[in-house]
Amino acid sequence: MSALLRQIPANIPQDIRKIRIENSHLTELPRGSFENVSALEYLWLNFNNITVMHIKSLEYLPALKELRLQGNKLSSVPWTAFQDTPALKILDLKHNRLDVLPEHALRYLPNLTYLDLSSNQLTVISRDVFYSWPVYQRSQRMEGQIEAISNAVLALHDNPWICDCRLRGFVQFIKSVGPPIILMNSYLTCSSPKFRAGKFFHEVELKSCMKPLTSALDSNLTVPVGLNVTLTCFVQASPSPAVWWTYALKLLRAFNVSTEPISEETVRSELLIPAARPVDAGNYTCTAANFLGNTSVAISLSVGASWASTTPPSWAPIAPAEPAAHVEVRITKQTVYGITLEWFAAAAAEPGETWYTLLVGRYDAAQKDAIYIGPGVNTYSVTDLLPATKYEVCVAVRNQAPRKGQCVVFVTGSDVSQLEQREKLIHIIVIVCAMVLAVPAGMYACTAEARPGCLARCPGACPRRRRGGQAQAAGSKESTLDSLPAGSEDGLCRPEAGRGARRPPAREEPGKTRPPHRNSADLY
């Protein structure tokens, strides 16, 4: 007990009749594990970590009567290994991980009187497993002599049974079983499907299995552009099938598919295609499969033009109109290339579920582009329009023609924006100012205050007003053009030859760099 054993000891005395190794670290039963103890009758290997049992692990044990492997990690058992233990009467396999019980499992246990398969992972068992059990076969042959047959205890509780058509035969066996076979716990319960979870076997009536049969209410659909489309297929099958949708041989994403049972043998699968577009047209295939086979049904989808694009200029609807609802429309913002609209449905029955259609196009166009707006939205911006063009925008409740007052006519602005116009104006001002600044201060004062005839007398007046003009020009430049560089005064106001010599150019100070030349764009 609780020994650090990782394998069966090799030096066990030959006359040993009972071995009990529990809570140790055994992980497997290899071939010929007990070949030297042929007198062994009781073998207890509970609560170890045994995961593998070799098909010849019980070889040379013809006298073995009791094998207990409770609380290990066996997911399968080599049932043919029990051909080497014909005297076995007790087999305890509870609290393992067995999930399959093949039809021949009990065939090599003719003298078994206790079988415990409880607390495993068994989900489906065929009744043929027990019909081929020698103990059951003897009880059927000697039905009137039950007292002559020893009882056999069978424990099958606490397994996650799936109560569908695959378990039908086993459920019938459990309902009909009686001495000499005794169930340790006759109240076996279903774990799935959901509508049968928790029910006892004697409360359910299971039907025969059936290959999937798929159908669709409408195998050919034609819808307008922008409409949400739901494709539906119904599947009758038992057990419940796996259902998936394909389009152009590609498996469609699961989050657009919903599958739910609507009865014991019927499921409904729906594929949602939001805002259908012409590229969504084609054949969609709904496929269902279970262990008996698979079937499929194809649904052809055609996405036609929107109802608005086929509407004549008189705006007559092509679909039955919903109850009339007047829509008030106004422009909340307008730019050169578009507008922003806001609307309100004055008589909508259910505003939270009302869809709208925006019809946008040139005023003289016979057909307008349709834009579908979902519930809860009452604003939309129309952009990328042509400049200086007359447009019309109408808002209507879905499948209704726009009525008077539900359309807005507007003209987009010029392609030259105010910013561009301002930029051009500033460029012109900068050029003019540069020319003005090039005039000497005295000339600037003379021309600023002179009448139209002043230019004739300007050469004589300039020398006399140079000093005052310099101050006045400096103040003018400082107050109005302080952000612009001063221009050169050289050679623009030349005194007469006799009056004086030309002013020499300004001398640059040593170490002082001349500022770089800036064009009109730099000034802006």
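The values are calculated or read from the model by the stated rules, or taken from the named source; none is laboratory data. Since the model is a prediction, treat every value here as computed from it, not as a measurement. All Cβ positions, even for glycine, are placed from backbone atoms using ideal geometry, and neighbour counts span all protein chains on display. In case anyone asks, the SASA skips ligands and DNA or RNA and just uses the protein heavy atoms, side chains included. Shrake-Rupley method; radii C 1.70, N 1.55, O 1.52, S 1.80 Å.
Select from the range 379-402 the residues that are part of a loop (DSSP other than H, G, I, E, B), surrounded by 15 or more Cβ atoms within 10 Å (Cβ to Cβ) and either out of contact with any Gly (no Cβ under 6 Å at 6 or more places or on another chain) or among the β-branched types (V, I, T) (or both) and list them in ascending order. Passing the criteria: R398, N399, Q400, A401, P402. Do we find that L106 is within 22 Å of I182 (Cβ to Cβ), assigned by the TED database to the domain that holds N185, open to solvent by less than 10 Å² (accessible area, probe 1.4 Å) and in a loop (DSSP other than H, G, I, E, B) in this structure? The answer is yes for L106. Scanning the range 88-115 for residues that are within 46 Å of the chain's Cα centre (by Cα) and either within 16 Å of V153 (Cβ to Cβ) or of a type in the set (G, A, S) (or both) turns up L93, K94, A105.
Checked against (1) open to solvent by less than 80 Å² (accessible area, probe 1.4 Å); (2) within 24 Å of W79 (Cβ to Cβ); (3) out of contact with any Leu (no Cβ under 7 Å at 6 or more places or on another chain), P13 passes all but condition (2). Condition check for N96 on (1) touching a Pro at 6+ places or on another chain (Cβ under 9 Å); (2) part of a loop (DSSP other than H, G, I, E, B): one failure, at (1).
Taking into account only those residues within the range 286-326 that are of a type in the set (V, I, T) and either within 21 Å of V225 (Cα to Cα) or modelled with pLDDT under 70 (or both), which is most open to solvent (accessible area, probe 1.4 Å)? Even if it seems obvious, please write down each step before you answer.
Step one: filter the range 286-326 for residues of a type in the set (V, I, T), giving 287, 295, 297, 299, 303, 310-311, 318.
With the extra rule that they be either within 21 Å of V225 (Cα to Cα) or modelled with pLDDT under 70 (or both), the set shrinks to 299, 303, 310-311, 318.
Values: I299: 2, V303: 24, T310: 74, T311: 10, I318: 100 Å².
Top of the filtered list is I318.
Taking only the range 1-56 into account, find how many residues are outside any loop (DSSP other than H, G, I, E, B), charged (D, E, K, R) and under 22 Å from K89 (Cβ atoms).
Number satisfying all stated conditions: 2.
Tell me which residues, restricted to the range 257-280, are open to solvent by 80 Å² or more (accessible area, probe 1.4 Å) and acidic (D, E). Listed by number, the residues that qualify are E260, E264.
The rows are residues; the columns are (1) closer than 30 Å to N159 by Cβ; (2) open to solvent by less than 40 Å² (accessible area, probe 1.4 Å).
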{"residue": "G198", "(1), (2)": "yes, no"}
{"residue": "P212", "(1), (2)": "yes, yes"}
{"residue": "L231", "(1), (2)": "no, yes"}
{"residue": "F234", "(1), (2)": "no, no"}
{"residue": "A242", "(1), (2)": "yes, no"}
{"residue": "Y247", "(1), (2)": "no, no"}
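Is it the case, given these coordinates, that I50 is surrounded by 16 or more Cβ atoms within 10 Å (Cβ to Cβ), in the same structural domain as L154 (by the TED database) and either within 26 Å of V129 (Cβ to Cβ) or of a type in the set (S, T, Y) (or both)? Yes. Of all residues in the range 18-28, those satisfying the criterion of being surrounded by 14 or more Cβ atoms within 10 Å (Cβ to Cβ) and either more than 48 Å from the chain's Cα centre (by Cα) or of a type in the set (S, T, N, Q) (or both) are I19, I21, E22, S24, T27.
If a residue counts only when it is touching a helix residue (DSSP H, G or I) at 6+ places or on another chain (Cβ under 6 Å) and farther than 27 Å from A197 by Cα, which strands (runs of 3 or more DSSP E) contained entirely in the range 210-301 have at least 1 such residues? Outline the logic, then answer.
Details: elements: 210-215, 220-224, 229-238, 242-247, 257-261, 266-273, 282-290.
By residue number, 266-273.
Please give the number of the condition D218 fails out of (1) modelled with pLDDT of 95 or more; (2) closer than 17 Å to S300 by Cβ. Here D218 meets the rest and fails (1).
Of the residues making up the range 38-47, just one is open to solvent by less than 20 Å² (accessible area, probe 1.4 Å) and over 18 Å from L5 (Cα atoms), namely L40. Scanning the range 262-291 for residues that are farther than 16 Å from A242 by Cβ, among the β-branched types (V, I, T) and either over 21 Å from the mean Cα position of the chain (by Cα) or not assigned by the TED database to the domain that holds L251 (or both) turns up just one, I262.
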